[in-house]
Amino acid sequence: MVINLKNFKVFIIAVIAVFTFLSILYLSIIALRIQKYAFKENKPLGIIFYTKTPSNKLNSSLTYVKQKINEYGWDAVIIEYNDEYEKDEKILESIKKYTKYYIFEIDEGRSVINSNTILLRLRKNDEREYERALKIKNNLSDKNIKLNIVTNTLEKTKGYNVIKLEISDKNSYESARDLILNAVVSFSNDYTD
């Protein structure tokens, strides 16, 4: 009986040791997760651009806006892609770098007639985004830029939200870049407040 009691004590001690080891391992994993998300270094605001419009003028304007945004201390990226899957993949890869980011789809179109007007497409029934858009509309009106808001867009959820802006295809390079820059800065200032 004494030998069995010794084996039982060894078994109990081994179970306690394994349980202690697994508990410490589990707590270490939780601590790493907390450290990863709570104590992230202060990264700049990430601004990601892409366009569906194959326009050299628009691409040049986005390159100019990217340089200006980087001068503001934010980090701007232009996504170039061949298909929707590649676009989504590149966007998801880009947003991993930032704690706070905004994605802009900027296109040219004929639905916007005036050169000082931006068309903003919002998801249907999104009151919070609509309220923000109204504040930004007031900010842009001080700069003599009109913001028209369309709220009938039905968008599939992709794991990220996209701010869809459309400008007139009649804009010159200078007016397009200034319009995009003012809109992006107004949005980003409002969203970072």
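Count charges around Glu108 for me, please; just the other residues with Cβ under 10 Å from its Cβ, Lys/Arg as +1, Asp/Glu as -1.
Surrounding charge for Glu108 is +1.
Gaussian network model of the chain, Cα springs within a sub-10 Å range: biggest mean-square fluctuation belongs to which of Leu179, Leu122, Leu32?
In the Gaussian network model the winner is Leu32.
Hey, if you put +1 on the Cβ of every Lys and Arg and -1 on every Asp and Glu Cβ in the range 46-192, which of Leu134, Ile79, Thr51 ends up farthest toward the positive end of that dipole?
Among Leu134, Ile79, Thr51, the one farthest towards the positive end of the dipole of the range 46-192 is Leu134.
Taking the chain as a Gaussian network, Cα atoms linked when under 10 Å apart, which of Tyr26, Tyr72, Tyr64 shows the biggest mean-square fluctuation?
Tyr26
For the range 83-190, which chymotrypsin sites (Phe, Trp or Tyr not before Pro) are in a loop by DSSP, counting at most 14 other Cβ atoms within 10 Å?
Counting only loop positions with at most 14 other Cβ atoms within 10 Å, the chymotrypsin sites (Phe, Trp or Tyr not before Pro) in the range 83-190 are Tyr160.
Let me know the volume per residue of the alpha-carbon convex hull for the range 109-187, in Å³.
Hull volume normalised by residue count: 94 Å³.
Taking 8 Å as the Cα distance limit and 6 or more residues as the minimum spacing, I'd like the relative contact order of the range 46-192 as a percentage.
It comes to 32 percent, rounded to a whole number.
Could you pull out the longest piece of the chain with no exposed loop GluC sites (Glu not before Pro) in it, calling a site exposed if DSSP puts it outside H, G, I, E, B and it has at most 13 other Cβ atoms within 10 Å?
Within the chain, the longest run free of exposed GluC sites (Glu not before Pro) spans 81-154.
So what's the chain giving for Cα Rg divided by 2.2 N^0.38 Å, two decimals?
Its radius of gyration relative to the 2.2 N^0.38 Å reference: 1.57.
Read-outs throughout are calculated quantities, based only on the coordinates presented, and are distinct from any laboratory measurement. All of these numbers come straight from a predicted model, not from anything done at the bench. Here Cβ is always computed from backbone atoms with ideal geometry, including for glycine, and neighbour counts include all displayed protein chains.
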